[in-house]
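So the structure is just underneath, and the comments pick up after that.
The values are calculated or read from the model by the stated rules, or taken from the named source; none is laboratory data. Computed from a predicted structure; not experimentally measured. Ideal geometry is used to build each Cβ from the backbone, glycine not excepted, and the neighbour counts take in all protein chains shown. For accessibility, only protein heavy atoms count, side chains too; no ligands or nucleic acids. Shrake-Rupley method; radii C 1.70, N 1.55, O 1.52, S 1.80 Å.
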Amino acid sequence: MSVTAARGFAASGVAAGIKDSGAPDLALVVNRGPSYAAAAVFTSNRVQAAPVRWSRRVIGDGTLAAVVLNSGGANACTGPAGEDDTRVMAERTARALRVEAEQVAVCSTGLIGVRLPMDRVTAGIDTAATELSDDGGEPAAVAIKTTDSVHKTAIASGPGWTVGGMAKGAGMLAPGLATMLVVLTTDADVSAPLLDSALREAVRTTFDRVDSDGCMSTNDTVLLLASGASGVRPDPAGFTEAVHGVCLDLALRLVADAEGASKEIEVRVVGAASEPDAVTVGRSIARNNLLKCALHGEDPNWGRVLSAIGTTSAVFDPDRLDVSINGVRVCRNGAAGEPRDTVDLSGRQVTITVDLRSGDASATIWTNDLTAAYVHENSAYSS
C-alpha cells in the first residue's frame, strides 16, 4: 500500500520534534527514476502557504525528484521568513539526496501563522534521508497526520504498473482543486502532460467534491510522481481510471475520518440540466448545517434538502423535485412522499438522492454530519 507500492520509490517518516507530542511529524518521498515526470494541483485559496508557492514554482518544468512533508506547522502566513524556511527545507533535502533544490516539492500542514522550528526540521530531514526504505510508505503516511485519527493510503494496479498514494486530512475539507496533502506515485512510464491531464480529471470528481465543513485550507496540495521503473507505457484511459480510483479511495477515507463525524453522507444529484448545476446543488445540500445537524440526530428532514436546493441558480421546477434518503422517496414532486419514519438512519452511511428532473447531468458530493464533537475539537484546536 501507499507511495512505495509503485517501483522506483522510497519513503520514510520520522519524529523530528516539530510536534510537542513527540509523534512522527516529517516525511520524505523519493523518486529513484529512471523517469522524474510529475504533476500537481493546489488550493485555490488566495491566501497560500509558502510551501504551496514554492511547489507551484518548481513543478513548472513537469519534474520532481522528491517531496519533503511536515505536520505540526503549516508555515502559512509567516511572511518572508516562512518563504526562507521553505527554501531551506528544499535545499536541505536536496543536499541529503544529492539532487537540485528545484527538484524538491515542499508540503506543510498544521497551525497557521507560526514559524517552524527549523533546527528540528533540518535535523529531521537528515534523519529521514538515512531511513529511506522501499517499505517506508506507511511511516510516511503516519508522519503527515495532524487531527487525523488514522493514516490514509490506497493503491490501484494496471497491466505491469501500479499507482499508490497517501493522504492526510480531517478538517478544512472544501477545496477548489485539491484536499489537504496528497502524494501519489506510479511506476508507469508516463509523460508529464499525461500525468497532468489524468490528475486534473481525477481530482475534479473526487477531492474537489469532498465538502466536509465548507472551509478551504491554505496548504492543499496533490502531487503525482512517475518513476517509469516498470518500463510499461499504459493506455491513457486505463491510467487515468487508476489514478481516479486511488483519488476516490483516499477522498472517501478523508470524509470517513472527518473531525467528530458520526455519519458519512453521499449527496447524489441527478436529472440536472448541466454538470455545474448538479455540483452547485450538491454543494448547497452538503453545506447546509441545519440538515447536517438533523442527520446527526437521525432525522430525515427532507424539507431542509429542498431549502438548500432553492438557494441555488440551478435549473429546476420546485414542483417537480424528488428526494430520496437511504432509498426511501420522502419527497415527490416537491411535496411529501413516503413516510419519513420509514427511513433508517441508524447506520453510519447516508445517501441522499435528488432528482432535479431538468436534464441528464449528474454529480456526487461527499460530506458528513455536524456533531458536538466537531465543535469541541475545533474550539480546542487553534487553526
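Some notes on this structure:
- Subset of the stretch 130-150 (residues that are open to solvent by 40 Å² or more (accessible area, probe 1.4 Å), at pLDDT 95 or above and under 20 Å from ILE18 (Cα atoms)): THR130, GLU131, GLU138, PRO139, VAL142
- Top-ranked residue of the stretch 283-304 - restricted to ones that are aliphatic (A, V, I, L, M) and out of contact with any helix residue (DSSP H, G or I) (no Cβ under 7 Å at 6 or more places or on another chain), ranked as nearest to THR206 (Cα to Cα): ALA286
- Scanning the stretch 4-38 for residues that are within 16 Å of ALA167 (Cα to Cα), in a strand (DSSP E or B) and in contact with an Asp or Glu (Cβ under 7 Å, 6 or more places away or on another chain) gives a single hit, SER12.
- Members of the stretch 83-108 that are of a type in the set (Val, Ile, Thr) and open to solvent by 10 Å² or more (accessible area, probe 1.4 Å): VAL88, VAL99
- Taken as a whole, the condition of being open to solvent by 30 Å² or more (accessible area, probe 1.4 Å) and closer than 16 Å to ASP211 by Cα does not apply to GLU298.
- Residue within the stretch 63-82 that is at pLDDT 95 or above, among the hydrophobic types (A, V, I, L, M, F, W, C), more than 23 Å from the chain's Cα centre (by Cα) and surrounded by fewer than 24 Cβ atoms within 10 Å (Cβ to Cβ) present: yes
- Identity of the residue in the stretch 369-383, open to solvent by 60 Å² or more (accessible area, probe 1.4 Å) and hydroxyl-bearing (Ser, Thr, Tyr), that ends up modelled with the highest pLDDT: SER379
- The stretch 156-206, subset surrounded by fewer than 24 Cβ atoms within 10 Å (Cβ to Cβ) and of a type in the set (Lys, Arg), residue modelled with the highest pLDDT: ARG200
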